[in-house]
Amino acid sequence: MKASKTARPRPRPQTKPTHEPTLVLPSIAWVGRSGWGGLPPLTDGAGANIWLLRGTEFDVLIDCGSESGNPLRLNRRLRAVGSARHRIGEIWLTHSHTDHSGGALRWQERYPRLRCRLAEIGCDFLQRGDLRLTGVAMDPHSRFIPPRRPIPVREGEVLLCPPWKLTVVALPGHAPDCVGYRGEVDGWDVMFTGDAIIGDQGKVRGNVGWLDGLWLSDAPLYERMLAAATRHPPEVMLPGHGVPHAGATVRRSLRNCLWRLKQVNAIPSAPSMFPFYRNT
Ligand SMILES: [Zn+2]
């Protein structure tokens, strides 16, 4: 673990899942997840991890799950970590997949001034009624109502949740609209990574987001993105599914994700076998 820049000791990240919401750091809480990976579920259905970033003026949700994003259902969990649904000023989506973004409209209906942010390419798809990036076409029974007027974010843009400032990082490969949010929180260099970098989870090393041509996965681009991320690892990584990582497990997870994509891309004549393979 790196020494703090200041004399004050840094709080140690809590990465163990329990049956209750977890304060990973004083300003970051794990308030929602499905039973993905055998973890004790906090929310119903198939929703992704829902992270809470606590600010002084308002709080932010990073991803909001699917049905589990229902504000009424999440309120008890928010209160357990010192927040409340009326404090949620913004939702920052890591990508359009419905298990991450499907609950956003519920929040907007309840709190019309709430701002919902999504990568520019995801906004473009939704605006023209193209739902490929949401993943709903995988399941004929699933329904997706897109967020209302999502605000596009771009690589390098700085988002504020005072006193915290996080930078938008493009993490394409799983889907073209995958972004991370990275910045210093409670003295740690943290990054919310969505499905782009899930990392080591249980017995599986280097979990990555599913590859599928339906949502325009790009395996070679994914590998290049992971190679770059491995060169500049954050200290704390908060993925869209599974447990968060801190310190050495961040670096190991990144190396293993890169190893996994290298394996995929090393398959001879892969473009003839996989619909997701794009020869970029
Ligand atoms: Zn996804």
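Just so it is clear, none of the values below were taken in a lab; they were calculated from the coordinates. Everything quoted here is computed from the prediction, not taken from an experiment. Every residue, glycine among them, receives a Cβ derived from its backbone with ideal geometry; neighbour counts consider all protein chains shown.
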Exercise. Among the aspartates and glutamates, which have Cα under 14 Å from the Cα of Lys16 when same-chain residues fewer than 8 positions away are ignored?
Worked result: Asp200
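Nearest-5 percent of antiparallel DSSP beta bridges in region 22-272? Each step should come with its number before you reach the end.
Values: 27 of 41 bridges.
Antiparallel bridges make up about 65 percent of those DSSP assigns within region 22-272.
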Problem set entry | Under 12 Å, Cβ to Cβ, from Thr22 - net charge with Lys/Arg +1 and Asp/Glu -1 | +2
Exercise. In a shell of Cβ-Cβ distance under 10 Å around His100, excluding His100 itself, what net charge do Lys and Arg (+1) and Asp and Glu (-1) give?
Worked result: -3
For this session: Using only the Cα atoms of region 113-246, build the gyration tensor, take square roots of its eigenvalues as a ≥ b ≥ c, and label the shape rounded, prolate or oblate: rounded if a/c is under 1.5, else prolate if a/b is larger than b/c, else oblate.
Result: oblate
Seminar exercise, completed: Dividing the mean separation of Cα pairs under 8 Å (6+ apart) by the residue count of region 22-272 yields a relative contact order in percent of 15
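Per DSSP helix of 4 or more residues, -39500 (n - 2.57); summed, then divided by the residues of the chain. What does that give at 222 nm, rounded to the nearest 500? Intermediate values should be presented prior to the final figure.
Working: 6 runs with 60 residues, N = 280.
Value at 222 nm, helices only: -6500 deg cm²/dmol.
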Exercise. Loop-only check: which trypsin sites (Lys or Arg not before Pro) in region 54-132 are DSSP coil with at most 12 other Cβ within 10 angstrom?
Worked result: Arg113, Arg128
Exercise. Under a point-charge model restricted to the Cβ atoms of Lys and Arg (+1) and Asp and Glu (-1), what is the dipole moment magnitude of the chain relative to its Cα centre, in debye to the nearest 20?
Worked result: 740
For this session: Would you work out which of Ile28, Leu61, Thr98 lies farthest towards the positive end of the dipole of region 1-119, given +1 charges on the beta-carbon of Lys and Arg and -1 on that of Asp and Glu, about the Cα centre?
Result: Ile28
Seminar exercise, completed: Which residues qualify? For Val24, with a placed amide H closer than 5 Å and at least 5 residues away or on another chain, they are Ala29, Trp30
Exercise. What aspartates and glutamates could a cross-link reach from Lys262, if we take a straight Cα to Cα line under 12 Å and drop same-chain neighbours fewer than 8 places away?
Worked result: Glu223
Problem set entry | Ascending count of other beta-carbon atoms within 10 Å, so fewest first, for Val264, Val60 | Val264, Val60
Problem set entry | Pairs of Cα atoms farther than 32 Å apart, the chain, % | 18
